[in-house]
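Below is one structure; the comments refer to it alone.
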Amino acid sequence: MRNHGIGFLCLVAIAAAVSAQAQESPVAAATPVAEQLPAAPGKVFTVTPGAGFHNEPSIAVDPDNPMHVAAAYQSHASVVFSQDGGNSWTTATGTASTDYKVSGDVSITYDKHGAAILCYIAFDKLGTENYWARGATRNGIFVRRSADGGATWEAQDHAVIAQPTKPGIPFEDKSYIVADNSNSRYAGNLYVGWTEFHLDDSVVLLSRSTDGGQTWSAPIDISAHHGLPRDDNGAVEGFSGAVAADGTVYAVWADGDSIAFTWSHNGGQTFARSRSVIRTAPLYFAVAGLDRANGFPQIAIDPRHGSKGRLFVTWSDYRAGDIGVYCATSDDGGKSWSKAVRVNSNPPHDGTDQFFQWLAVDPTTGAASVIFYDRRIDPDNRKTTVTLARSTDGGATFTNYAWTRDGFVPRREEFLGDYIGVAALNNKVYGVWAEIAPPETPKDKLAPPPTEFRPHTIVRIGVADFSGGAH
């Protein structure tokens, strides 16, 4: 599930039940270095009642009812929701699959009619580590619907694709859902893109739904270039999509040392031949203390900007030695792209990394918001905070804000996931991320620390309100 390693294998044994109310947490006191960034104007909430295998979160706000906000995380597939614009959060029930042992790789969106749609992969047992198609058991991609914005959920899983257990089946991985909330002829469509791992290659597939996620089209291959069959480098993966005001669907993903791009003008029925549009450093890389890290791209659109809208793409790579976050834009439907703009404001070559970025563009203001993990406060490049960067000039410059100041430190080669999330509407920004929970104080201070692996991540949500004039 953007998976994996020793931490991921613990998923099979982890219970899905989570029902406590979210607890509000004030931003901690700043260190002298962290004080250089202004605080994001708002609050931060811890939405998991305790530490566990909680990571890879996604968040969405209902464009027709901004009071409705929902966030999803694993594992198993879990949802918290707000019905007061992010001022309080409650854990939903009945969101995890009951037909499979494991559900995760979550994403969430709101459709044209205000329903919350949760997407996740599910399986019983993984194949060979990082070579998921070898020995894969039954697996698939599913969605579940909530007609009341995230509070209650249908019991039925709707299959986007499902693979029965038999020799040689592929493994469906890294799915992400996108909604068409435009007023175009394709308004209401839902799209899911993902990586399908075969024994000898990897491809990016896409399926669409025209009935609110109840049924899905046969998947189509939208990747002109196929990748390698392994998840630890060289695959085509990290699908992200955006929909323009005219219903055009744009998609990007990582392909080697570049970002692949394609589009559809007919509601996802067919796509243009994908091509590499932005050269990058490798988008899989090492980050101290983590089991894995990547800079997979995201795409978003300012629908107010010109006839095609302004496209934004963000990613992270180590072109400057240290890992940094970058943004490029296009005003001609992706035919040409601007030079990369550095999103994180710390100086290049300072020995610290910024990574796991995620992008959202406010459809009402055009402001671009990027969330990422940030290690600029620590010369040893381990203590990790969360930063929000915001651009109000079309991606030319970004102002950085501290969403957290009291950094967490990985205790070993942690599996922190492969992504975090952000959404924006009406000058409010909603971010969601995982953190490593502080170590518990042992009851017997003379006792040696436990040696067994125990998942210990928590999920937090930041709500930043820029309606008061902050930039």
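No lab work stands behind these numbers, since they all come straight from the coordinates. The structure presented is a predicted model; accordingly, all values stated were derived computationally and were not measured. Please note: Cβ atoms are built from the backbone with ideal geometry, for glycine as well, and neighbour counts cover all protein chains shown.
Summary of computed values
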item	result
Length-normalised contact order for the stretch 173-325 - Cα pairs under 8 Å, 6+ apart - percent	17
Listed residue (Leu199, Gly334, His158) projecting farthest to the positive dipole end of the chain, Cβ model	Gly334
Reference-scaled alpha-carbon Rg (2.2 N^0.38 Å with N residues) for the stretch 56-163	1.11
Entry for volume of the Cα convex hull per residue in Å³ (calculated from the structure that is shown) out of (i) 130; (ii) 236; (iii) 143	(i)
Listed residue pairs exceeding 30 Å between alpha carbons, taken from Lys383/Lys428; Lys174/Lys339; Lys125/Lys383; Lys112/Lys174	Lys125/Lys383
For the stretch 133-139, 3J(HN,Hα) per residue [Karplus equation, 6.51 cos²θ - 1.76 cosθ + 1.60, θ = phi - 60°, Hz, x = Gly/Pro]	6, 7, x, 4, 9, 3, 7
Reachable lysines, given that their alpha-carbon falls under 18 Å from the alpha-carbon of Lys335 and they are not under 8 places away in the same chain	Lys308
The chain, dipole about Cα centre (Lys/Arg Cβ +1, Asp/Glu Cβ -1), debye to the nearest 20	260
Amide H contacts of Ala367 (H built 1.01 Å from N, under 5 Å, at least 5 apart or other chain)	Asp362
Potential extension, Ala155-Asp332 segment - 0.36 nm per residue separation minus Cα distance	59.4 nm
Peptides ranked, highest mean first, by Cβ atoms within 10 Å: ranges 65-73, 282-290	65-73, 282-290
Proximal charge balance of Val249 [Cβ under 14 Å; K/R count +1, D/E count -1]	+1
Least to most buried among His198, His113 (fewest other Cβ within 10 Å first)	His113, His198
Amide H partners (placed H, <5 Å) of Ala51, local residues excluded	none
Exposure proxy ranking, count of Cβ atoms within 10 Å, fewest first, for Thr93, Thr270	Thr270, Thr93
Distant-in-sequence amide H partners of Lys101 (H built 1.01 Å from N, under 5 Å)	Phe123, Asp124
Ranked Glu56, Glu196, criterion: other C-beta atoms within 10 Å, fewest first	Glu196, Glu56
